[in-house]
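Quick note: the coordinates plus some simple rules give every number you see, no bench work behind them. Just so we're clear, the structure is a prediction, and the values are computed from it rather than from any experiment. Quick reminder, even Gly has a Cβ in these numbers, built from the backbone with ideal geometry, and neighbours come from all protein chains shown.
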Amino acid sequence: MELNPFEIAKKQIDIVAKEMGLDPNITKYLKRIERALIVSIPIMMDDGSLQIFEGYRVHHSTVRGPGKGGLRFAPNVNLDEVKALATWMTWKCSLLKLPLGGAKGGICVNPRELSRKELEKLTRRFTTGIINIIGPDIDIPAPDVNTNAQIMAWIMDTYSMNKGRSVPGVVTGKPIEIGGSVGRNSATGMGLYFVIDAMCEKLSCKLESQTIVIQGFGNVGGWIASLLYERGCKILAVSDISGGLYHSEGLQIDKLLEWTREGNYLKDYDDDRYKLITNSELLTTECDVLIPAAIENQITKENANDINCKIILEGANGPTTPDADRILFDKGIHVIPDILANAGGVCVSYFEYVQDIRAYFWDLDRINKELKRILIEAFEDVYKVYEERKIQLRTAAYIIAVSRIAKAFDLRGIFP
Ligand code: NAD
């Protein structure tokens, strides 16, 4: 169980169901997904060989609105992982009071091994395979690990060509020129920033004097690193899939971002002052705020006792297992859960969707103001339940999210 993400997602439901005395019928319902589509994606490769990839799209719950969730391209993607990620999206949308449900998708592929032409063919064929279960009223994909605005543009185009009209609202995280939103690219990092700032205020400490360690230096890790660096925080260590860099006086994040945005790995960065460390060493580095922003199952019962920070801010989805959660709680480490901490991404995706449907676009100031308002409201809701019940922040966030789903379920009833 410990490392199967969907088993973890179900265990988290059990924990919250027990804490809040949830109706067993609703618990049963929440532990199932509404639907999953598995598609084979045959691609004629540049060398003339045929390769067949497997792709997934899962809807966990659409009881509060159309499905919403990212699409990841990675070699270890599997159905249970996508089911878990879809489930977490249901809670995230509910916690933020967005009129959306939980969905997720993925293709089991290493995109770094594909040419641009192969990647485009893969994306377009996958989109065609899932075309009947996506759309502005059904399920709206977005970027996730190893997918980006260009991939969203190909999805939008494929969907639109099939429908015979432009449908920008079918995906979010698109380029601005075709209906994307300003501020979407930085949104998850910006959301993490608002949340950690609010948490520091609660703990009466200054954000700028915190030391920071970040795992993952892509969209999420890169943006939060940059925002905290600009704020004056010392970023002691960062990592990507190749390994990490450490410097007790703090890393020069602007230079590292330039390096990785050119497609380089952190381990190849040449600076004598920086020590090369592994991802597991990074996670146990002493700091004030640890930000896992890569993939799930990074903080487990194996390393939870060695975690040496005051706050964990979950940039990634599912980086901490329930066993680790218990150990961290006993150690007095505050874990700001993924469904709150990294919800900035889905929040601005929602703004993009609204702007596409209305065909009226907002400026960055409005985006960031609305993002902050929604996230801080959710943060305050969670903090209140956390203080009242003396439970983990994650359980507090789940109680709020699950209560709203349960209410919607109750109001709608079971068809027929
Ligand atoms: P990304 O592809 O832009 O970056 C991922 C980073 O993690 C890269 O630096 C990569 O090298 C590193 N990485 C990948 N596998 C690793 C491993 N095994 N060990 C260590 N590092 C590894 O992806 P992203 O969009 O930044 O997403 C990161 C996480 O944040 C995921 O869990 C994703 O679901 C979550 N998330 C993303 C968004 C978003 O808007 N992009 C929103 C909410 C949550």
Checking Ile295 against (1) of a type in the set (A, V, I, L, M); (2) within 30 Å of Ile178 (Cβ to Cβ); (3) touching a residue at least 40 places away in the same chain (Cβ under 8 Å); (4) out of contact with any Pro (no Cβ under 8 Å at 6 or more places or on another chain), which test does it fail? (4)
Whether any residue in segment 361-372 is at positive phi and either among the basic types (Lys, Arg) or in a helix (DSSP H, G or I) (or both) is what I want to check. no
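Quick one: in segment 298-316, which of the residues that are assigned to a strand (DSSP E or B) and away from the ligand (no atom under 12 Å from the Cβ) is nearest to Thr87 (Cα to Cα)?
Filtering segment 298-316 down to residues assigned to a strand (DSSP E or B) leaves 299, 311-313.
Remaining after also requiring away from the ligand (no atom under 12 Å from the Cβ): 299, 311-312.
Numbers: Ile299: 20, Ile311: 25, Ile312: 21 Å.
Across segment 298-316, the extreme among qualifying residues is Ile299.
Yes/no per residue for (1) touching a Pro at 6+ places or on another chain (Cβ under 7 Å); (2) under 15 Å from Ala396 (Cα atoms); (3) of a type in the set (Lys, Arg):
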site: Thr321; (1), (2), (3): no, no, no
site: Ala324; (1), (2), (3): no, no, no
site: Pro337; (1), (2), (3): no, yes, no
site: Val348; (1), (2), (3): no, no, no
site: Arg358; (1), (2), (3): no, no, yes
site: Asp365; (1), (2), (3): no, no, no
site: Asn368; (1), (2), (3): no, no, no
site: Ala378; (1), (2), (3): no, yes, no
site: Val385; (1), (2), (3): no, yes, no
Please count how many residues of segment 254-286 are farther than 26 Å from Ile333 by Cβ, part of a helix (DSSP H, G or I) and among the charged types (D, E, K, R). 6
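Restricting attention to segment 236-253, report how many residues are assigned to a loop (DSSP other than H, G, I, E, B) and free of Cβ contacts under 8 Å to residues at least 40 places away in the same chain.
Total meeting the criteria: 7.
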Return only the number of the condition from (1) away from the ligand (no atom under 11 Å from the Cβ); (2) over 19 Å from Gln12 (Cβ atoms); (3) touching a residue at least 12 places away in the same chain (Cβ under 8 Å); (4) surrounded by 14 or more Cβ atoms within 10 Å (Cβ to Cβ) that Trp259 does not satisfy. (3)
Which condition breaks for Ile295 when tested against (1) within 14 Å of the ligand (Cβ to nearest atom); (2) crowded, with 23+ Cβ neighbours inside 10 Å; (3) assigned to a loop (DSSP other than H, G, I, E, B)? (2)
Please determine, by comparing only the residues of segment 146-199 that are over 18 Å from Cys347 (Cβ atoms) and among the polar types (S, T, N, Q), which one is nearest to the ligand (Cβ to nearest atom). Asn146
Failed condition for Gln355, given (1) more than 23 Å from Ala225 (Cα to Cα); (2) touching a helix residue (DSSP H, G or I) at 6+ places or on another chain (Cβ under 7 Å); (3) of a type in the set (S, T, N, Q): (2)
Which numbered condition Cys233 misses (of (1) more than 8 Å from the ligand (Cβ to nearest atom); (2) touching a residue at least 24 places away in the same chain (Cβ under 8 Å); (3) surrounded by fewer than 21 Cβ atoms within 10 Å (Cβ to Cβ); (4) not aliphatic (A, V, I, L, M)): (3)
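Can you give me the number of residues within segment 44-71 that are in contact (Cβ under 8 Å) with a residue 12 or more places away in the chain and more than 21 Å from Asn132 (Cβ to Cβ)?
Residues of segment 44-71 that are in contact (Cβ under 8 Å) with a residue 12 or more places away in the chain, as a first pass: 44-46, 52-71.
Narrowing the set further to residues that are more than 21 Å from Asn132 (Cβ to Cβ) leaves 44-46, 64.
Here the count works out to 4.
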State yes or no: is Tyr353 of a type in the set (Phe, Trp, Tyr), farther than 27 Å from Val170 by Cβ and either within 15 Å of the ligand (Cβ to nearest atom) or in a helix (DSSP H, G or I) (or both)? no
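Between Leu290, Leu328, Leu340, which is within 16 Å of the ligand (Cβ to nearest atom) and in a helix (DSSP H, G or I)?
Values: Leu290 fails: in a helix (DSSP H, G or I); Leu328 fails: within 16 Å of the ligand (Cβ to nearest atom).
Leu340 is the lone residue from the list that is within 16 Å of the ligand (Cβ to nearest atom) and in a helix (DSSP H, G or I).
Kindly establish whether Lys275 is more than 11 Å from the ligand (Cβ to nearest atom) and either free of Cβ contacts under 8 Å to residues at least 60 places away in the same chain or loosely packed, with under 14 Cβ neighbours inside 10 Å (or both). Give the steps one after another, and end with the answer.
On the way: more than 11 Å from the ligand (Cβ to nearest atom): yes; either free of Cβ contacts under 8 Å to residues at least 60 places away in the same chain or loosely packed, with under 14 Cβ neighbours inside 10 Å (or both): yes.
Judged against the criteria, Lys275 is a match.
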How about segment 204-218: which of its residues are within 12 Å of the ligand (Cβ to nearest atom) and surrounded by 23 or more Cβ atoms within 10 Å (Cβ to Cβ)? Ile214, Gln215, Gly216, Phe217
Identify all residues within segment 127-151 that are more than 21 Å from the chain's Cα centre (by Cα) and hydrophobic (A, V, I, L, M, F, W, C); write none if there are none. Ile130, Ile131, Ile133
Having 2 or more residues that are within 16 Å of the ligand (Cβ to nearest atom) and among the charged types (D, E, K, R) is the bar; report the strands (runs of 3 or more DSSP E) wholly within segment 36-136 that clear it. 67-74
